[in-house]
């Protein structure tokens, strides 16, 4: 059986994982529009008091206990176990103009100095959403119910508590507090933590880019990567396809996997017959741009240092923005802040970068599910956030596994990964 020629558009975590899984089984061409691999995984090196640190501007954390694929892939491509920094993920939500804070989570079960929100309407609302979210996930609730429809059924919900419930997802998706009400309740709930829990997460000491570097290094010469020349157009070419890249070069392939933003995927398919249903689904995915800045000064942090948390969300009335503090994880006062709607920039800025966040509306979630369905013989495939209602590195890797199973079910790396998962 001859090797199948696979074209992958997009060198983010999904596209690169797929290339790595197909390596040694097929000829792979990966086209990436940017001059670097990684997509939303962008790491910056900086120095604090003579010590070097790597901080992520884009993807910053992964709850490893809920990410078995991510964990096994990271180990397989050489990310050392000691590079995984396990830490608590404390949170505070506050207004710039009011005291006290709207919400303060626990940072550690033994910490008695932090003024944690112990009870009251805010606590009950957060607990109620956590209980509902667990039920939606366990029962496989459809993505159709909006968060606004859920909140409207809660009796006498104070406006400040409604802002609190909407603050974290509004920050995550780069939208207003009102727009959060139109998002899928199940999608919002998937990132929600019960108020009595101290969530844990994991940072890569060498940055998310180290995982990207490991995947790229693990690809042999059978995988050709062209950076700075993204996919411009997909054309039919006999039984296969012709991929026209940004430099005008044409590449013949037998199948194409699109790990692109939805609007870019729609654009490259615009001239390909028989793709109107896919294009309609892709047009259902909307974006917001979010800019992150890495800085030294405690910009975006509460005045009371006792409230400083791993995640610090400021509510200004109709928007919320978050500052991540690396003190709990790396032991340094380095910060990454959303800065699109702040009145002033950080004073000691080191670097900044903009990323696109998706809005998981019910329509978008249903469209993503349709795009993730793979039929026998299908040769135009989708992966990454275009197929996953809830975005995470774990979900992106699982979408790559699904496409790899379709294209190369006997792939050695895919089989190895499955054996790891089945063995726990």
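Every number here is computed from the coordinates shown, using simple stated rules; none is lab data. Predicted model, so just to flag it, every value in this text is computed and none were measured. Positions of Cβ are generated from backbone atoms using ideal geometry, with glycine treated the same way; all protein chains shown enter the neighbour counts.
For segment 1-110, count all C-alpha to C-alpha pairs, find those more than 25 Å apart, and express that count as a whole percent of the total.
Result: 47 percent of Cα pairs exceed 25 Å.
Give the Kirkwood hydrodynamic radius (Å, one decimal) of segment 266-424, defined as one over the mean of 1/r across all pairs of different Cα atoms.
Computed over segment 266-424, the radius equals 19.0 Å.
Have a look at the DSSP beta bridges in the chain and tell me what percent are antiparallel, nearest 5.
So the antiparallel bridges amount to about 65 percent of the total.
Give, in whole angstrom and from largest to smallest, the semi-axes √(5λ) of the equivalent ellipsoid of the chain, with λ running over the eigenvalues of the Cα gyration tensor.
In descending order, the three semi-axes are 38, 24, 20 Å.
How would you rank 323-332, 206-215, highest first, on the average number of other Cβ atoms within 10 Å across their residues?
Output ranking for 323-332, 206-215: 206-215, 323-332.
Most mobile of 111, 254, 316 per a Gaussian network model of the chain (Cα springs, under 10 Å)?
Judging by the Gaussian network model, the answer is 111.
Hey, what number do you get for the chain at 222 nm if only DSSP H runs of n ≥ 4 count, each worth -39500 (n - 2.57), divided across all residues, to the nearest 500?
-9000 deg cm²/dmol
In a Debye calculation with equal point scatterers on the alpha-carbon sites of segment 210-326 and no solvent, what is log10 I(q)/I(0) at q = 0.21, 0.22, 0.23 Å⁻¹?
Log-scaled intensity ratios, in q order: -1.18, -1.24, -1.30.
Most mobile of 50, 120, 238 per a Gaussian network model of the chain (Cα springs, under 10 Å)?
The residue with the greatest mean-square fluctuation here is 50.
Which of the peptides 231-237, 347-353, 20-26, 389-395 is most tightly packed, and how do the rest follow, judged by the mean count of other Cβ atoms within 10 Å per residue?
20-26, 389-395, 231-237, 347-353
Going by how many other Cβ atoms sit within 10 Å of their own, how do 126, 301, 416 line up, fewest first?
Listing 126, 301, 416 from fewest to most nearby Cβ atoms yields 416, 301, 126.
Multiply the residue separation of residue 247 and residue 137 by 0.36 nm, subtract the distance between their alpha-carbon atoms, and state the gained length in nm to one decimal.
My answer for the length gained is 35.1 nm.
How big is the gap, in Å, between the Cα center of segment 91-130 and the Cα center of segment 342-375?
26
Once the Cα atoms of helix 362-372 and of the chain are each reduced to a long axis, what angle between those two axes, in degrees from 0 to 90 to the nearest 10, is obtained?
The angle comes out near 30 degrees.
Given that compact globular proteins tend to follow 2.2 N^0.38 Å, what is the ratio of the alpha-carbon Rg of segment 41-91 to that value?
Dividing the Cα radius of gyration by 2.2 N^0.38 Å gives 1.30.
With springs connecting C-alpha atoms under 10 Å apart, model the chain as a Gaussian network and identify which of 121, 105, 411 has the largest mean-square fluctuation.
121
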